[in-house]
1. How about D:Lys39: which lysines have a C-alpha closer than 22 Å to its C-alpha, ignoring those fewer than 8 places off in the same chain?
2. In whole angstrom, how far apart do the alpha carbon centroids of the range A:30-91 and the range C:215-267 sit?
3. Are there GluC sites (Glu not before Pro) in the range C:144-223 that DSSP marks as loop and that have at most 15 other Cβ atoms within 10 Å, and which are they?
4. Using a label position 7 Å from Cα in the Cα→Cβ direction, what is the ascending list of nm distances from B:Ala86 to the same site in the other copies?
5. Please average, across the residues of D:268-279, the number of beta carbons from any other chain that are within 10 Å of each residue's own beta carbon, and give a whole number.
6. Can you give the mean number of other chain Cβ atoms that lie within 10 Å of the Cβ atoms in peptide B:230-236?
7. Could you put D:Met89, D:Met359 in order, starting from the residue whose Cβ has the fewest other Cβ atoms within 10 Å?
8. Return the average number of partner chain Cβ atoms within 10 angstrom of each residue Cβ along peptide C:75-82.
There are 4 protein chains.
Amino acid sequence: MVGGGKDAFIGAVHRIAANMDGLIELACGALSINPEIAKQSGKELFLPEDRTYLTYDEMITKEKALPADKRMDFVTIVTPNFAHFAPAMMALENGFHVVIEKPITLTIEEAKQLKQKVDETGLTLCLTHTYSGYPMVKQAKAMIKDGALGKIRKVWVEYPQGWLSKLSEREGNAQAAWRTDPKKSGKSGAMGDIGTHSWQLAEYVTGLKITHLCADLNILVDGRALDDDGNVLLKFDNGAAGVLMASQVAAGEENALKIRVYGEKGGIEWAQHEPNTLIVKWLDAPAQILRAGSGYTDRLSKYATQNCRTPGGHPEGYLEAFGNIYRNFALTLGTKIDGTEPTPEILDFPRVEDGIRGMGFINTVVASSASSEKWTKFEE
Amino acid sequence: MVGGGKDAFIGAVHRIAANMDGLIELACGALSINPEIAKQSGKELFLPEDRTYLTYDEMITKEKALPADKRMDFVTIVTPNFAHFAPAMMALENGFHVVIEKPITLTIEEAKQLKQKVDETGLTLCLTHTYSGYPMVKQAKAMIKDGALGKIRKVWVEYPQGWLSKLSEREGNAQAAWRTDPKKSGKSGAMGDIGTHSWQLAEYVTGLKITHLCADLNILVDGRALDDDGNVLLKFDNGAAGVLMASQVAAGEENALKIRVYGEKGGIEWAQHEPNTLIVKWLDAPAQILRAGSGYTDRLSKYATQNCRTPGGHPEGYLEAFGNIYRNFALTLGTKIDGTEPTPEILDFPRVEDGIRGMGFINTVVASSASSEKWTKFEE
Amino acid sequence: MVGGGKDAFIGAVHRIAANMDGLIELACGALSINPEIAKQSGKELFLPEDRTYLTYDEMITKEKALPADKRMDFVTIVTPNFAHFAPAMMALENGFHVVIEKPITLTIEEAKQLKQKVDETGLTLCLTHTYSGYPMVKQAKAMIKDGALGKIRKVWVEYPQGWLSKLSEREGNAQAAWRTDPKKSGKSGAMGDIGTHSWQLAEYVTGLKITHLCADLNILVDGRALDDDGNVLLKFDNGAAGVLMASQVAAGEENALKIRVYGEKGGIEWAQHEPNTLIVKWLDAPAQILRAGSGYTDRLSKYATQNCRTPGGHPEGYLEAFGNIYRNFALTLGTKIDGTEPTPEILDFPRVEDGIRGMGFINTVVASSASSEKWTKFEE
Amino acid sequence: MVGGGKDAFIGAVHRIAANMDGLIELACGALSINPEIAKQSGKELFLPEDRTYLTYDEMITKEKALPADKRMDFVTIVTPNFAHFAPAMMALENGFHVVIEKPITLTIEEAKQLKQKVDETGLTLCLTHTYSGYPMVKQAKAMIKDGALGKIRKVWVEYPQGWLSKLSEREGNAQAAWRTDPKKSGKSGAMGDIGTHSWQLAEYVTGLKITHLCADLNILVDGRALDDDGNVLLKFDNGAAGVLMASQVAAGEENALKIRVYGEKGGIEWAQHEPNTLIVKWLDAPAQILRAGSGYTDRLSKYATQNCRTPGGHPEGYLEAFGNIYRNFALTLGTKIDGTEPTPEILDFPRVEDGIRGMGFINTVVASSASSEKWTKFEE
């Protein structure tokens, strides 16, 4: 693991998610650029001292020098955005698979370089767009793919948060500081951080691609350097219309990601605050409440049922969704080792192509927001 | 009453709303342009035969000829949009107050003529933007006005319906037929019908005015003549950003009008499907559930408490919200008769100015949707 | 109307409910035992002075003396429980139909006398168990009757309120004073007031009869004279088990009446706080959300569809449920006048038999609570 | 681990919960009484062959023979109820701490023997009453302990499931087979399985003890050997009244455990289907929505905040609640090793005393159900 030392947020989440199914074990780490924190964090995580490294360079070099059955199998990168590319590229160059927090890199060019290296090496790069790991998100995708809703006409996706309602980056909040700093976070703030999740969810669930968009990015807290709010009109490749909203100044909101998709015959609604429920609405019949883990497995897609750990009514959450990405990634690596063929359900996790498209999304919304033209073409 | 014969939808709603509080009684009607339906409808509503008229012209002329204490006090117009202006103008010219279904007229010019007549005569014109009659909508408005949320930054309003998911106007659905016909409905379909409600709710609750917008109106059902879906980016006069969505092809949705407003200190959320609840979210404290009719009247605005009929937990709904508009209108007329001064709470119902601004909204979204410019100025 | 003067609660509710559909008009009243309040209340309700009576005796006597087409058609009694019987009996004896607030009388013997008089006269006595007027309650009843859930096994009904959490009867709360006074309210407080509603809902929805029960009535606020809380185990005539809970000291609750019924194939859940929704749960399939007023009328019972006034998504509430009882009662009277046959849907309102059984419920729970035996037979 | 081989339900849950925080690692197992399944399960869980044992006897004996730093630290027992006692006793006798699935044993006598052994050895026995591991359950407990609700008056706890709505034990369902078999499950079915969870939650949250109860246990599916449904009236040691309901034939329900507690000043409501929310209702003020992981940590108890892994809005669920029990157990063992003092928050997990009281609950409800007396004293 690169990054994720004491007090970092997402590193701990990655560790829990990876631990969960007993398939993955933390083997070593370059957990902080601060040597003291790196050492202390390694100790707290029960890492051996000789595998608690001070830099990713040291980690990759020394691990590669270990015998094949002793060295780490893959590298997880949980540093701020600007520090994704270099360790990812070095890991790939040295034969290690990679897991990266989204957005994949600081620029789309970096993302494309990673893709080229992935293509060259045949290694796997997994991008942790967590929300597509939820079983009922996968259920929605499967139903739409199977035509249950008919042609899709309308997509609404929203992600309101409230945690940047104050100028917290000036009040000692480290998370806020890097996420609102263009040098560390990239061209966009809210859209780069949570707009990308919303975009990915919309394309993942519908199977459609955005072709044009019209973005209004805003800085609603005075003194901030990057957008903390954004609203985007969308056009999809099948003619569907859509709206994407992402805000970090929706005071009082937590992580209220929600998607609604409507087709000719009905619609679906999924919200991450109650992730085990998928509401399916029908044009001429009562709405249905589909529940993760339910006994009526014949009504649920294998994409949903294979990504649950408990029976219905024992709620699973964010960590399990995250765990599904790690599990599917690990099972995929397992098939490489075994020489078997992974099932489509196992292969269903985001990867380098999604990273490139996510960078394209950021570039396009930023360009659109700066433009007086209504519609801007989605460019990857 | 003009219009609202058998099988019309909104006429019956107006009658229930007007009846509810025992302040208003249906005195006469020109209930249909079809003489048979007009007569039969009058009979079913227990109208005397001699006050069951065949045209609004006949009704206004003959009622005016009655002694002052026998004639009707005001005229309610519940015909399709294109047939609002003429009876309204004639009623005002003959000294009758007027209640009109929204949108007020077919064109903004007609609306302005009505305003001029209202100003000349001192009569009252009430526009039934029902949703602003809900007590918890009024509570939200009062809290925002009192600064509870701080400066407003973000407004989201949405109104998904699904009832036009098929080309019902070709399948004998009379409601669908006139609402999708530009000659009867006006320049816009979904935006004219329910987008205007959303717009009114947004400006009513926040006390802000939209200055610019960027609209994407769509016809998502092939063969339809007017927009059945629309998404609009909004700019408000205090710098707040917003989104307005209205769709009649959100298959499986009923009348899922919902508004969320966020300010520096917190946010509010109100949905018409559970209208007695107002959720108030706070930046640094637990969210609160405010309930209509609750015992903690000291925590509620008089605008809310005076528009409830039952104690908390006995749900009131759409008809009561509608009834609040009629009641406040009737109480206002009462003060004119008594020569007293109405309270601000009683005066709190939509009127001709809202009608003009609503027509401005329709004009602006239609113009914006046709434009390749991102932002269009809101013109009244 | 007998009772229901200024500041009384339920009288105003009755008037709105009766007004709503334009079928019933308040003709006269004996609105208070206090002559000043009676007169003032009559004035505020636009009653003619000569039909604003000071006692029910005067009202019934004088109205009877009027010509048949001028006199009132029926009497509504909304006084405290102890003052139900005398005016009801006098009304029936004088040929007037009757509407009574529940519980029907102070004792079961009085209720039986009323039934005898009803049987003798052929008049109609309507008892306002409001909750069985909700369309989705009727839908639940119809589905269970039609066997949709299979044999019923389990019934849970609960009615928590919090308004008696303090000793309000000693703090000048008039509602609290009479409802906690055995002389005015009867043998039971919470069980008589809201336990009876719960009992009626359970038997109405399931079509089953309670045969035995085991009651635990409690006075949880020191100094109170009647039970303010009760929990009852139930046995039904088909072998089903049940629980009924009613409390007026559930601090913070409004009128959270809720019923759940489970059968071999599935269950239903209905809550008065969101009365337009009926959740139907299935053993081997996703739960469904049935909504009042929905377009899928082929999936709904006529008992539900004929008791709605608005399309789905325009919420109806308590007043409309109350209005349904009045409307069905009025339509039934109408058929008597017309000499036609009322439909089963129109006849579906509570009457004197329900009143007797309700008194039996009160008697049985009070006896059971005093007994050390586990089960007490339900006696009417 | 004893039990929990392939296809067992709760064993996998224990492993995920134990893995989650990186504090515990599966070291060895006697995973099935079927040698083939035991071996295959060990292989799938990456256990070394020489620590994949065929019986708990072999496991405990051989592990004890290993050097202290190589042997397992504790034993987790996830077998059916009848097979809890023997391995637990043997583990304690050999110096191993123990984790047991509830109910602790088949009889209360066995439970008392375990307690005696725990007292003798000073070892820790942890009982996995999962639901008390949820952070918002702990928050409710802390608030009630701190007097936020005033004196507690009323407790309602319910646990409806539907999975035994058919006679599944005769249709090859292994879970159903042992849970409905008195020899394997004990004196009670539904009450032993989920009634005990409900009882524990009620006493845990309120800090009160049940003194008397009145139980009605039912077999609602013909042919079943143990109760599949039960309703219990409760009396608490402070005079509060209560109801406990547990059913496995509530067709269509999942694991809808819910608790409501009302005191003089307000009430709390928590439901496991949305476990990150605690609704706090107030007598004279709007209800509040407390959320796990929220930023307003000053409003939340340390018992809640220390049992969360993610910020508010990233839902945690059943596995995390289970993980909290394991984490607190592991941290407690850690303090024994370190010679430090565990905090009260860390010590907050169920143990042998809860097991004895749980067996007392089962005994008392079974005795009460068989009795014609209304009230039966709670005996441990």
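All of the numbers you see were taken from the coordinates with simple rules; none came from a lab. For clarity, every value in this text was computed on a predicted model and none was experimentally measured. Quick reminder, even Gly has a Cβ in these numbers, built from the backbone with ideal geometry, and neighbours come from all protein chains shown.
1. Of all the lysines, those that pass the test against D:Lys39 - Cα under 22 Å, at least 8 places apart if same chain - are D:Lys6, D:Lys62, D:Lys64, D:Lys70.
2. Result: 60 Å between the Cα centres.
3. Working: sites: C:Glu158, C:Glu169, C:Glu171, C:Glu203; in loops: C:Glu171.
Taking the range C:144-223 and a limit of 15 other Cβ atoms within 10 Å, the loop GluC sites (Glu not before Pro) found are C:Glu171.
4. In ascending order, 6.2, 7.9, 9.5 nm.
5. On the way: counts 1, 2, 0, 0, 3, 8, 5, 3, 5, 3, 1, 3.
So the per-residue partner count for this stretch is 3.
6. Numbers: counts 1, 10, 3, 9, 2, 2, 0.
For peptide B:230-236, the averaged partner shielding equals 4.
7. Numbers: D:Met89 16, D:Met359 26.
Fewest-to-most Cβ neighbours within 10 Å comes out as D:Met89, D:Met359.
8. Details: counts 0, 0, 0, 0, 0, 0, 0, 0.
Partner-chain Cβ atoms within 10 Å, mean over residues of C:75-82: 0.
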